[in-house]
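Remarks on the structure that follows.
Just so it is clear, none of the values below were taken in a lab; they were calculated from the coordinates. Only a predicted model underlies this, so the values are computations on that prediction, with no experimental measurement involved. Here the Cβ is made from the backbone with ideal geometry for all residues, glycine too, and neighbour counts use every protein chain on show.
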Ligand code: PLP
């Protein structure tokens, strides 16, 4: 495969865009080499600027669950665009997508649309703080909730100490209100509540983590978080930016039968356009402006093109009674194939999977939190990534990401991928 034009475009991009990209992971820093510049995409395939075809396992980091350039979404956007692209006034469409989302997801009465997953999580935290009149939040190491200041926090030195900024520009004042816990470690969470009595507004968690590879919640962990929150007057926030409308119609809440207090969405809910949302029961959502005192706003929030895309996407998912089982079956088939060929090649690995989220870790031990995710052999991952890339398979350019399976993938595509993995395994 040739990447000549991508390389040239990257040089040009670097002159006017920091690092040549508008979001850091796209720069291939984790795996080396030149980022691929995409020209177009259709179904399960990306077509790059050098004319290469790649089977896509990132799918815009989640949104393209029904494949690229999915026709109902594309057509809806085209038709909407002809009638004006933004008004800053209410439209009927916003109510229609809100009604549909509320009907699909358990335990929510009202939903507010924003422009990204970051905004959704940031706003959810503000709402939780405003509702509980408390300042501190608990987040889990390795979970990603967007790039808002409160979330760019590393663990401090001990349980009673506060988090510390892990990016310059995040103030210590902000960091002190974010407490870090280990994923799947309920005792850790209980100790934080003990040490910060009546001060914790909320726990925010990816109910299935997807930003340290795919990490499922241990049996009983989400239930225990639910209890701890209820006992301590704190809210449980599920960041379902990845899992929402992917693991089930009603996301992880439905899959695990747990009711969160606030749920955040992004990715699939926008059908590939910039959309995020957060939702909760009425008594919580009514604290938001203009009904309540917690301020939150957006010039382009509820944008007609974005709402048209999201509405078509949700309608498609809602009306397809086998979509989530189909996605699960395809991903389970892929998992089985990968296990077989990596085992045959004597590669040391662990595979984690929930529904259509899956990740391969180059470590023999179970991967259940950020510390164990970091044990993976990154050199093997780099070879794995580039071996697949040169064979026409595109996975995330980082060992800490889940793969997102799309329904556009055929079983031939999956077999092609498993073969590519078998060949790549010989080079590891
Ligand atoms: N929450 C989770 C779980 C995510 O995976 C992401 C992004 O990957 C975000 C929040 C932030 O969303 P966005 O990139 O749309 O701001």
Can you give me the three principal axis dimensions of the chain from its C-alpha atoms, in Å, biggest first? 56, 55, 47
For segment 159-238, just say rounded, prolate or oblate: build the C-alpha gyration tensor, square-root its eigenvalues into a ≥ b ≥ c, call rounded for a/c under 1.5, and beyond that prolate if a/b exceeds b/c, oblate if not. oblate
Express in nm, to one decimal, how much length is gained between residue 74 and residue 289 on full extension, taking 0.36 nm for each residue of separation and deducting their alpha carbon distance. 74.1 nm
Which whole-number percent gives the relative contact order of the chain, counting Cα pairs below 8 Å spaced six or more residues apart? 22
Residues in segment 173-200, backbone N under 15 Å from the label point at residue 133 (7 Å along the Cα-to-beta-carbon vector): list them, ranges by number please. 198-200
Springs between alpha-carbon atoms under 10 Å, Gaussian network over the chain: tell me which of 18, 274, 216 tops the mean-square fluctuations. 18
Per 10 Å bin, what percent of the C-alpha pairs of segment 71-319 does each bin hold, from zero upward? 8, 33, 35, 18, 6, 1
Mind sorting 21, 268 by how few other Cβ atoms lie within 10 Å of their own Cβ, fewest first? 21, 268
Can you figure out the FRET efficiency of residue 166 with residue 371, using R₀ = 22 Å and their beta-carbon distance, to the nearest 0.05? 0.90
For the modelled label position 7 Å from the Cα of residue 91 along Cα-to-Cβ, which residues of segment 288-328 have backbone nitrogen atoms closer than 18 Å? 298-316
Quick one: work out the % antiparallel among DSSP beta bridges in segment 71-319, nearest 5. 45
When 80, 176 are ranked with the fewest other C-beta atoms within 10 Å first, the list becomes 176, 80
Exposure proxy check on 236, 93: fewest-to-most Cβ neighbours within 10 Å is 93, 236
Antiparallel versus total DSSP beta bridges in segment 107-220: what percent is that, nearest 5? 30
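Sequence gap at least 6, Cα distance under 8 Å: using those rules, report the relative contact order of segment 71-319 to the nearest whole percent.
Rounded, it is 30 percent for segment 71-319.
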Can you give the FRET efficiency to the nearest 0.05 for residue 38 and residue 195, using r as the Cβ-Cβ distance and R₀ = 45 Å? 0.40
Under the rule of -39500 (n - 2.57) per DSSP H run of 4 or more residues, summed and divided by the residues of the chain, what mean residue ellipticity at 222 nm is obtained, to the nearest 500 deg cm²/dmol? -11500 deg cm²/dmol
Counting only DSSP beta bridges with both residues in the chain, what percent are antiparallel, rounded to the nearest 5? 60
